[in-house]
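The values are calculated or read from the model by the stated rules, or taken from the named source; none is laboratory data. Just so you know, these numbers come straight off a predicted model, no measurement behind them. Positions of Cβ are generated from backbone atoms using ideal geometry, with glycine treated the same way; all protein chains shown enter the neighbour counts. The area values use the complete protein model at the heavy-atom level, side chains included, leaving out ligands, DNA and RNA. Shrake-Rupley method; radii C 1.70, N 1.55, O 1.52, S 1.80 Å.
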Amino acid sequence: MTTTARQERNVPSLARVSRGFALLMNWFDGVCSIVCGGFMALSGLVALPVSWNDVMPIEFLGVLPLPEPLIATWFWPGVALALVNGAPNIVALAMRFRGKRAASYRWGIAAGVLLIAWTAFELAFMPNGLSAFYLALGVLQAAASWHALRTWEDAA
């Protein structure tokens, strides 16, 4: 179902805010995860003038209960970031722009839940403010996408 500008104006403000925030998070998390994950993975494969190690040494990952090959370089953490956090948000964007909003919101819920799981795992082993911030964003993304889906289905 596609909406016209007139139909969208008749949507309650909180629903518009939820829809807008869900879209913003798909863009933000999708692009950041793909770009940062790609940079991480590339830093793990080749010597770059500026690498992810300049941002955060790989030794920080030593506290995680993961097999050594997965945390020996930034390659696998970068691939995981791009796939786990980036891909669901990019799929949500693709669904949104194809006019499949309900599917987009469902993918947004999944992306928010995956972000919550990712950051909760990080926080359990290496507490830091950035992960706590992203945990909050994951909660907000899942909630906004769920609310957007619910109001979208109610309007349909």
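Where a ≥ b ≥ c are the square roots of the eigenvalues of the C-alpha gyration tensor, would you call region 72-156 rounded, which needs a/c under 1.5, or, failing that, prolate if a/b is larger than b/c, or oblate? The partial results should precede the final answer.
Working: a/c = 3.92, a/b = 1.72, b/c = 2.28.
Here region 72-156 falls in the oblate category.
With each run of n ≥ 4 DSSP H residues scored as -39500 (n - 2.57), what mean residue ellipticity at 222 nm is computed for the chain after dividing by its residue count and rounding to the nearest 500 deg cm²/dmol?
Working: 8 runs with 115 residues, N = 156.
Helix-only estimate at 222 nm: -24000 deg cm²/dmol.
One chain, two ends: Asn53 and Ala132. Fully extended at 0.36 nm per residue, the span grows by 26.3 nm beyond their Cα-Cα distance.
State, to one decimal in nm², a quarter of the convex hull surface area for the C-alpha atoms of region 109-156, i.e. the direction-averaged projected area. The Cα convex hull of region 109-156, projected and averaged over all directions, gives 2.9 nm².
Solvent-free Debye calculation, one equal scatterer per alpha-carbon of region 43-92: log10 I(q)/I(0) at 0.17 Å⁻¹ equals -0.57.
For a Förster distance of 35 Å, can you work out the FRET efficiency between the beta-carbons of Ala117 and Leu45, rounded to the nearest 0.05?
Numbers: r = 26 Å, r/R0 = 0.75.
After rounding to 0.05, the efficiency reads 0.85.
Ordering of 76-82, 13-19, 51-57 by packing is 76-82, 13-19, 51-57, highest average first (other Cβ atoms within 10 Å, averaged per residue).
Dividing the mean sequence gap of close Cα pairs (under 8 Å, 6+ apart) by how many residues the chain holds gives a relative contact order of 28 percent.
Angle of helix 101-125 to the longest C-alpha principal axis of the chain, folded into 0 to 90 degrees and rounded to 10: 30°.
When a 1.4 Å probe is rolled over the protein heavy atoms, the share of accessible surface on region 14-154 that falls to carbon and sulfur comes to 76 percent.
Relative to the longest principal axis of the C-alpha atoms of the chain, give the angle of the C-alpha long axis of helix 87-97, reported between 0 and 90° and rounded to the nearest 10°. Taking the Cα atoms of the chain, the angle to 87-97 is about 20 degrees.
Compare the Cα positions of Tyr134, Leu48, Leu66 along the charge dipole of the chain (+1 at Cβ of Lys, Arg; -1 at Cβ of Asp, Glu; about the Cα centre) and return the one farthest towards the positive end. Value computed over the given set: Tyr134. Using the 1.4 Å probe convention, the accessible area of region 12-156 works out to 52 Å² per residue with neighbouring protein chains retained. Note on Glu153 and Phe28: the model spin-label points, each 7 Å out from Cα along the C-beta direction, lie 2.6 nm apart. Between Trp74 and Gly44, the built amide H atoms are under 5 Å apart, and every one of these is 5 or more places off in sequence or on another chain. Between 0 and 90 degrees, the angle of helix 13-45 with respect to the longest Cα principal axis of the chain falls at about 20 degrees.
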